[in-house]
Amino acid sequence: MGLKQIDFGTPEYQQMIELRRQILRTPLGLSFTEQELQQEKDEILIAAFDDDEMLGCCVLCKLDESRIRLRQMAVQQDMQLRGIGASIMSFAENLARDKGFRYMIMHSRNTAIGFYEKLGYKVNGDEFIEVGISHYVMEKELV
Ligand SMILES: CC(C)(COP(=O)(O)OP(=O)(O)OC[C@H]1O[C@@H](n2cnc3c(N)ncnc32)[C@H](O)[C@@H]1OP(=O)(O)O)[C@@H](O)C(=O)NCCC(=O)NCCS
């Protein structure tokens, strides 16, 4: 498996949208708006590949000088629980650290809290609803 940054608007980006749609949006009866996707041209797009097949992905967006937010974390359904998500997180954290960010933040689905906790993240604040389901802010200092 290889991990790399991909570029907005490329065939790899289309692959990423398809994976995210399948894992994160279709199960909720949702899709992406053009406006939502356009914002991603300034964000950091990360994907894990096995040859040409995309196994998982995430997106990083700058919040301010010290904080970066991880979004759209997804691993192919039949490849989950094999360490791919943890590898993507480690790649994303190293990249964020190299760029000088001190804190990684995410809006975690209730069902994914255990995954981020294993990687040292802590819940900060109360439950809120996003894309129609329960979420919590989680964060970690990138030491
Ligand atoms: C959540 C997700 C990204 C995790 O990726 P993954 O490749 O399946 O996770 P890994 O195999 O790297 O798991 C790392 C550790 O976290 C644990 N873990 C994984 N998913 C978990 C979950 N949902 N709840 C609790 N623990 C979880 C694993 O058991 C493993 O533990 P171990 O180190 O003790 O063996 C993936 O399952 C996924 O895409 N889920 C659906 C979409 C989703 O919920 N995305 C997150 C939105 S906030």
Exercise. Search region 44-72 for residues that are polar (S, T, N, Q) and pair each with any residue that is part of a loop (DSSP other than H, G, I, E, B) when their beta-carbon atoms are under 8 Å apart and the residues are at least 6 apart or on different chains.
Key: S66/F101; S66/R102
Quiz item: When you go through L60, L30, L19, L24 one by one, which is the residue that is touching a helix residue (DSSP H, G or I) at 6+ places or on another chain (Cβ under 8 Å) and either among the basic types (K, R) or surrounded by 12 or more Cβ atoms within 10 Å (Cβ to Cβ) (or both)?
Solution: L60
Practice problem: Scan region 1-16 for residues that are surrounded by 13 or more Cβ atoms within 10 Å (Cβ to Cβ) and not in a strand (DSSP E or B) and report the count. | Solution: 6
Exercise. Looking at (1) surrounded by 11 or more Cβ atoms within 10 Å (Cβ to Cβ); (2) within 17 Å of Q5 (Cα to Cα); (3) more than 11 Å from the ligand (Cβ to nearest atom), find the lone condition where G120 falls short.
Key: (2)
Quiz item: If you take the residues in region 94-111 that are within 6 Å of the ligand (Cβ to nearest atom) and crowded, with 17+ Cβ neighbours inside 10 Å, which one is farthest from the chain's Cα centre (by Cα)?
Solution: R109
Quiz item: Among the residues of region 50-67 satisfying the criterion of being of a type in the set (D, E, K, R) and over 14 Å from the mean Cα position of the chain (by Cα), which is farthest from the ligand (Cβ to nearest atom)?
Solution: E65
Practice problem: Filter region 97-118 down to residues that are of a type in the set (S, T, N, Q) and either touching a Pro at 6+ places or on another chain (Cβ under 8 Å) or not in a helix (DSSP H, G or I) (or both), then give me how many there are. | Solution: 1
Practice problem: Working only within region 68-93, note down all residues that are near the ligand (Cβ under 8 Å from one of its atoms), surrounded by 18 or more Cβ atoms within 10 Å (Cβ to Cβ) and of a type in the set (G, A, S). | Solution: A74, G85
Self-check item: Residues of region 124-138 satisfying the condition of being crowded, with 17+ Cβ neighbours inside 10 Å and either of a type in the set (F, W, Y) or not in a strand (DSSP E or B) (or both)
Solution: Y136
Practice problem: Please enumerate the residues belonging to region 53-92 that are in a strand (DSSP E or B) and charged (D, E, K, R). | Solution: E53, K62, R67, R69, R71
Self-check item: Total residues in region 73-87, condition over 19 Å from K118 (Cα atoms) and touching a residue at least 24 places away in the same chain (Cβ under 8 Å)
Solution: 2
Quiz item: Is it the case that F128 is more than 12 Å from the ligand (Cβ to nearest atom), more than 21 Å from M16 (Cβ to Cβ), touching a strand residue (DSSP E or B) at 6+ places or on another chain (Cβ under 6 Å) and touching a residue at least 40 places away in the same chain (Cβ under 8 Å)?
Solution: no
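Since every read-out is calculated from the coordinates, none of them should be taken as a lab result. Please read these numbers as outputs of a predicted model, since none were measured by experiment. Glycine also receives a Cβ, built like all others from the backbone with ideal geometry; neighbour counts cover every protein chain displayed.
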